[in-house]
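S.K.: This is the structure I want to talk about, given as structure tokens.
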Amino acid sequence: QVQLVESGGGLVQAGGSLRISCAASGRTIGASAMGWFRQAPGKEREFVATIDWKTSTYYADSVKGRFTISRDNAENTVYLQMNSLTPADTAVYYCAARRSIHVGMSRNDYVYWGQGTQVTVSS
């Protein structure tokens, strides 16, 4: 069993940056691909970024070039660096873990989920 806790969300102005974190406990995530998803009010949860057990990453087109996913296996933590934020990025951001070393871009690929952290971008 893996517990995931997101942190670092908050209010930021458009054009600003924010880094959110996902701390895992219960067991190591070193052999797990990890992902970030987000859900805006009235919308479905959508894929944002994923990283495999090493360093291969994939991004949604809407965040490519602005967001960077990374991991620190020694700290059992995954990060999402978000730059050039716009109001369209406002959402609750969720961290998720797979039972696989390979990346996943579907919600169904992930078994463990955090509770989410709110990111609000003001115009």
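The values are calculated or read from the model by the stated rules, or taken from the named source; none is laboratory data. Keep in mind the model is a prediction, meaning the values are calculated, not measured. So basically every Cβ, Gly included, is an ideal-geometry build from the backbone, and we count neighbours across all protein chains shown. Ligands, DNA and RNA are stripped out before the accessible areas are found, and what is left, the full protein with its side chains, is counted by its heavy atoms. Shrake-Rupley method; radii C 1.70, N 1.55, O 1.52, S 1.80 Å.
S.K.: Could you list, in sequence order, the residues of region 52-67 that are farther than 22 Å from residue 84 by Cβ and either surrounded by 18 or more Cβ atoms within 10 Å (Cβ to Cβ) or touching a Cys at 6+ places or on another chain (Cβ under 7 Å) (or both)?
M.R.: 52, 53
S.K.: Next up: Looking at this structure, is residue 97 at pLDDT 95 or above, exposed (fewer than 15 other Cβ atoms within 10 Å of the Cβ) and of a type in the set (A, V, I, L, M, F, W, C)?
M.R.: no
Residue-by-condition table, conditions (1) among the hydrophobic types (A, V, I, L, M, F, W, C); (2) part of a loop (DSSP other than H, G, I, E, B); (3) closer than 20 Å to residue 18 by Cα:
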residue	(1), (2), (3)
55	no, yes, no
64	no, yes, yes
71	no, no, yes
75	no, yes, yes
80	yes, no, yes
96	yes, no, yes
102	no, yes, no
118	no, no, yes
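S.K.: Residue check, residue 49 against (1) open to solvent by less than 10 Å² (accessible area, probe 1.4 Å); (2) touching a residue at least 40 places away in the same chain (Cβ under 8 Å); (3) assigned to a strand (DSSP E or B), all met but one. Which one?
M.R.: (2)
S.K.: Follow-up. Residue 41 fails exactly one of the following numbered conditions: (1) open to solvent by 20 Å² or more (accessible area, probe 1.4 Å); (2) assigned to a strand (DSSP E or B). What is the number of that condition?
M.R.: Evaluating residue 41 over (1) open to solvent by 20 Å² or more (accessible area, probe 1.4 Å); (2) assigned to a strand (DSSP E or B) leaves (2) as the failure.
S.K.: Please go through (1) in contact (Cβ under 8 Å) with a residue 60 or more places away in the chain; (2) assigned to a strand (DSSP E or B); (3) not β-branched (Val, Ile, Thr) for residue 32 and return the number of the only condition it doesn't satisfy.
M.R.: Status for residue 32: all satisfied but (2).
S.K.: Hey, any hits in region 13-23 for a residue that's under 17 Å from residue 96 (Cα atoms), free of Cβ contacts under 8 Å to residues at least 12 places away in the same chain and out of contact with any His (no Cβ under 6 Å at 6 or more places or on another chain)? Reasoning before the result, please.
M.R.: Initial filter on region 13-23 (under 17 Å from residue 96 (Cα atoms)): 19-23.
Then keep just the ones that are free of Cβ contacts under 8 Å to residues at least 12 places away in the same chain; that gives none.
Checking region 13-23: not a single residue is under 17 Å from residue 96 (Cα atoms), free of Cβ contacts under 8 Å to residues at least 12 places away in the same chain and out of contact with any His (no Cβ under 6 Å at 6 or more places or on another chain).
S.K.: Mind counting the residues in region 1-24 that are within 16 Å of the chain's Cα centre (by Cα), of a type outside the set (A, V, I, L, M, F, W, C) and more than 16 Å from residue 80 (Cα to Cα)? Reasoning before the result, please.
M.R.: Filtering region 1-24 for residues within 16 Å of the chain's Cα centre (by Cα) gives 2-10, 17-24.
Next, only the ones that are of a type outside the set (A, V, I, L, M, F, W, C) stay: 3, 6-10, 17, 19, 21.
Narrowing the set further to residues that are more than 16 Å from residue 80 (Cα to Cα) leaves 3.
Residues that pass the stated criteria total 1.
S.K.: Would you confirm, using the coordinates I've provided, whether residue 115 is over 18 Å from residue 2 (Cα atoms), open to solvent by 50 Å² or more (accessible area, probe 1.4 Å), of a type in the set (S, T, N, Q) and at pLDDT 95 or above?
M.R.: no
S.K.: Let me ask something additional. Exactly one condition in (1) open to solvent by less than 70 Å² (accessible area, probe 1.4 Å); (2) polar (S, T, N, Q); (3) touching a residue at least 60 places away in the same chain (Cβ under 8 Å) is false for residue 76; which is it?
M.R.: (3) is the only condition that residue 76 fails.
S.K.: Name the one entry in 33, 49 that is among the aliphatic types (A, V, I, L, M) and under 11 Å from the mean Cα position of the chain (by Cα).
M.R.: Answer to the selection: 49.
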